[in-house]
Amino acid sequence: MKVNIQTKKIVVTGPESSGKTTLAKQLAEKLSAPWVPEYARDYLEKLNSPYQANDILNIGAAQMAQHSASYQQNPSYLICDTSFLVLKIWNEVKFINKQEWLEVQFLQDPVDLYLLCAPDIPWTYDPLRENPDDRQVLFDLYQQALQNSQKNYLIIKGTDPQLRLEEAAQAVKKLL
């Protein structure tokens with residue numbers, strides 16, 4: 001992936017229904033930055049069969065292409081509503097399988113800051129969501145992966161979306 005080294009890549013991540021998309025959209029708007037949506041949602045909505053492990057790899061390749069295309073704008077910030085971390089954890093939990101390609105992509109992804117959303121907001125039903133009861137377990141897996149890989153991250157928590165946004169925006173501005 002060709003990367004503009006001046007662009008700061010921010011990834012909003014965490015378990016399902018933890019406010020990732022809301023925060024990513026709000027943060028992109030606040031910073032006048034491009035927002036890269038989660039490709040998995042589009043992919044799964046168009047899939048006419050249950051997804052398989054191979055689908056996660058396809059999603060990863062398409063997500064990477066979206067991120068790459070967004071760099072062409074030479075923005076100061078690039079706000080991403082997912083990353084290879086999500087795909088890595090999803091694959092490991094759903095298919096009890098480690099995919100070397102996902103692991104390598106996660107480790108090599110040039111992310112300047114991960115905003116890890118805590119699952120402390122109410123669960124919201126969505127037909128694509130699968131884990132209403134183990135959000136804390138998933139959160140712990142995300143945090144462990146970020147710590148083990150020594151990635152730069154901040155936990156975003158609380159039930160007030162405006163306070164979450166302000167905390168995220170302050171952390172991002174510290175990157176400059």
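The values are calculated or read from the model by the stated rules, or taken from the named source; none is laboratory data. This is a predicted model, so every value here is computed, not measured. Virtual Cβ from ideal backbone geometry, glycine too; neighbours counted across all protein chains shown. For the accessible areas, the whole protein counts, side chains as well, though only heavy atoms, and no ligand, DNA or RNA atoms are used. Shrake-Rupley method; radii C 1.70, N 1.55, O 1.52, S 1.80 Å.
Name the long-range amide H neighbours of C117: under 5 Å, sequence gap of 5 or more, or other chain; modelled H, no Pro or chain starts.
Counting only residues 5 or more places away or on other chains, the set is T13, G14, I156.
Quote the FRET efficiency, to the nearest 0.05, computed for Q72 versus D112 with a Förster distance R0 of 25 Å and r equal to the Cβ-Cβ distance.
For R0 = 25 Å, the calculated efficiency reads 0.85.
So between N131 and D42, what do we pick up on full extension, going 0.36 nm a residue minus the alpha carbon distance?
Gain on stretching N131 to D42: 30.1 nm.
Using the heavy atoms of the protein chains and a 1.4 angstrom probe, tell me the accessible area per residue for the chain in square angstrom.
I get 52 Å² per residue for the chain.
Roughly how many Å is it from the Cα centre of region 32-70 to that of region 112-176, as a whole number?
What the calculation gives is 19 Å, centre to centre.
Whole-Å semi-axes of region 77-176's equivalent ellipsoid, largest first, each the root of 5 times a Cα gyration tensor eigenvalue?
Ellipsoid semi-axes (Å, largest first): 22, 20, 11.
Which whole-number percent of Cα pairs in the chain have a distance greater than 23 Å? Display every interim value, and only then the final one.
Working: 5565 of 15400 pairs.
Beyond 23 Å sits 36 percent of the P(r) for the chain.
Per residue, how big is the convex hull of region 23-91 when only Cα atoms are used? Give it in Å³.
Values: hull volume 6.0 nm³, N = 69.
Cα-based convex hull of region 23-91, divided per residue, equals 87 Å³.
Positive end of the charge dipole of region 84-172 (Lys, Arg +1 and Asp, Glu -1 on Cβ, about the Cα centre): tell me which of I96, Y114, L146 has its Cα farthest that way.
The residue sitting farthest along the positive end of the dipole is I96.
Which links in K88/K151; K94/K157; K8/K30 stretch past 18 Å when you go from one Cα to the other?
In this structure, K94/K157 lie more than 18 Å apart at Cα.
I'm checking a number: the convex hull volume of the Cα atoms of region 133-176, normalised per residue, in Å³. What is it?
Convex hull volume per residue, Cα atoms: 61 Å³.
Probe radius 1.4 Å, ligands and nucleic acids ignored: give me the carbon and sulfur share of the accessible area of region 4-138 as a rounded percent.
C and S atoms contribute 50 percent here.
Let me know the charge dipole size of the chain about its Cα centre in debye, to the nearest 20, where only the beta-carbon of Lys, Arg (+1) and Asp, Glu (-1) is charged.
Around 540 debye, computed over the chain.
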